Amino acid sequence: MHAISLNHYLIVAALLFAIGFAGVLVRRNLIIVLMCLELMLNAANIALVAFSRYNATPARPMMDGNAFVFFVITVAAAEVAVGLAIVVALFRRRGTVMTDDLTALKK
């Protein structure tokens, strides 16, 4: 049986970040773009916790990565609340949430 190393966590985090980044670049629906941004933040959280876990020793447990994850999740929740409010306002005003149709600030 193989032990899971830091490299395994970093590969998973890199794959999740790449999927999220590709989704932000390719997709045109604002709700999908917000979900891909959340995926990128979660990939960063995985990397933070993995580095914190593998940097710790039994005599000196490191909880810095876990504290950063708490703040990242808090900021992500605020970002989702504000982002969804903007998306709902744009949909009510313009009738669409596609980024191609939202090129002008005023119409």
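Tabulated data for the structure shown
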| read-out | value |
| --- | --- |
| Any hit, segment 18-41, residues being free of Cβ contacts under 8 Å to residues at least 40 places away in the same chain, surrounded by 16 or more Cβ atoms within 10 Å (Cβ to Cβ), farther than 27 Å from D101 by Cβ and of a type outside the set (D, E, K, R) | no |
| Top-ranked residue of segment 43-63 - restricted to ones that are surrounded by 18 or more Cβ atoms within 10 Å (Cβ to Cβ) and not hydrophobic (A, V, I, L, M, F, W, C), ranked as farthest from E79 (Cα to Cα) | S52 |
| Residue that is surrounded by the fewest Cβ atoms within 10 Å (Cβ to Cβ), among those in segment 1-17 that are modelled with pLDDT of 95 or more and among the small types (G, A, S) | A14 |
| Any hit, segment 61-74, residues being at pLDDT below 90, polar (S, T, N, Q) and under 19 Å from A13 (Cβ atoms) | yes |
| Hits in segment 42-72 (condition: over 26 Å from T99 (Cβ atoms), part of a helix (DSSP H, G or I) and among the hydrophobic types (A, V, I, L, M, F, W, C)) | I46, A47, L48, V49, A50, F51, A67, F68, V69, F70, F71 |
| Residue list for segment 75-98, filter: at pLDDT below 90 and either of a type in the set (S, T, N, Q) or within 19 Å of A13 (Cα to Cα) (or both) | T96 |
| Complete set of residues in segment 83-107 that are of a type outside the set (K, R) and either part of a loop (DSSP other than H, G, I, E, B) or surrounded by fewer than 10 Cβ atoms within 10 Å (Cβ to Cβ) (or both) | G95, T96, V97, D100, L102, T103, A104, L105 |
| Tally, over segment 56-92, of residues that are of a type in the set (G, A, S) and touching a residue at least 40 places away in the same chain (Cβ under 8 Å) | 1 |
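The values are calculated or read from the model by the stated rules, or taken from the named source; none is laboratory data. This one's a predicted model, so the numbers in the text were calculated from it and none came from an experiment. Note that each Cβ is placed from the backbone with ideal geometry, even for glycine, and that neighbours are counted across all protein chains shown.
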